[in-house]
Amino acid sequence: MVAGPLGAGTAAGGGGEYRGARRRLIETLQGAGVSDLSVLRAFDLVPRHLFVPTGVRHRAYEDSALPIGNGQTISQPSIHARYLEALKLAGREKVLEIGTGSGYQTVLLAHLAGQVFSIERIGALLDPAREAIKACAVRNVSILVGDGTLGWSGFAPYDAILVSAAAPKVPQPLVDQLAEGGRLLIPLGGRDEQVLYLITRVPGGMLDERALGPVRFVPLVGAHGWPS
Ligand code: SAM
């Protein structure tokens, strides 16, 4: 069980019937090695059952990816946790997320950063995502329908960029929109298997690249990703 500020159980739309399941998910994440208290607190605050279709809602707090329609998935919570821990957000950052999907990770980010800009390519996913985000009453999220491989230049530079789909190579516009010292998390590799990379823009515009381990994501489709 998480100690300290995590005990409150204050999730918006938290539905009492899901509270125990959410606590068990947090224990599962801790068992998997997630130790950042601010990340665990974000999982405690965000009701994942609001972000999955009703047909799989009974599985919302399993540590599993689940279908969200249009051939897409909400990622496994332990993958989200790994992403969020790797970014080491302090709370004031401007973050760009590529691949809004269900909007779940978007709201986790909203609790961990100052401002969140999120881009999704499939417009049909955004109606339920917007509804769930609204139910969470976060005010620091902006969403765009479009090709995230182009980034969102109007609000650049970003302190962190998370790419939630797998690319064959790093999209140059995302590097260009990264602030000095900024971190880019991106799965790189083939369509079926990839390696998650943490890329930091160091002073002078150089990139420091670190491989974090194998992952499997849906393809990043776009001008600087895979063809559709
Ligand atoms: N993090 C999401 C969540 O919490 O539900 C799951 C993201 S899902 C694994 C990947 C998403 O990336 C899909 O919704 C897909 O449509 C989207 N995607 C793929 N290529 C994209 C692109 N070029 N721009 C924006 N979104 C893209």
Give me the strands (runs of 3 or more DSSP E) completely within the stretch 131-228, filtered to those with at least 2 residues that are within 18 Å of R121 (Cα to Cα) and either modelled with pLDDT of 95 or more or within 15 Å of the ligand (Cβ to nearest atom) (or both), ordered by residue number.
141-145, 158-163, 178-189
Of all residues in the stretch 107-122 being surrounded by fewer than 20 Cβ atoms within 10 Å (Cβ to Cβ) and more than 10 Å from the ligand (Cβ to nearest atom), the one that is nearest to P67 (Cα to Cα):
Q115
Given (1) in a strand (DSSP E or B); (2) closer than 19 Å to G182 by Cβ, identify the lone condition not met by Q105.
(1)
Restricting to strands (runs of 3 or more DSSP E) lying wholly in the stretch 23-100: which have 1 or more residues that are surrounded by fewer than 16 Cβ atoms within 10 Å (Cβ to Cβ)?
66-69
Residue satisfying condition, being buried (at least 20 other Cβ atoms within 10 Å of the Cβ) and without any contact (Cβ under 8 Å) to a residue 24 or more places away in the chain, within set L178, L174, L184
L178
If I ask for residues that are in contact (Cβ under 8 Å) with a residue 24 or more places away in the chain, polar (S, T, N, Q) and closer than 18 Å to A42 by Cα, which ones from the stretch 55-112 would you list?
S75, S78, T100, S102, Q105, T106
On the given criteria, is Y83 near the ligand (Cβ under 9 Å from one of its atoms) and at pLDDT below 95?
yes
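The values are calculated or read from the model by the stated rules, or taken from the named source; none is laboratory data. Just so it is clear, the model here is predicted, and its values are computed rather than measured. Please note: Cβ atoms are built from the backbone with ideal geometry, for glycine as well, and neighbour counts cover all protein chains shown.
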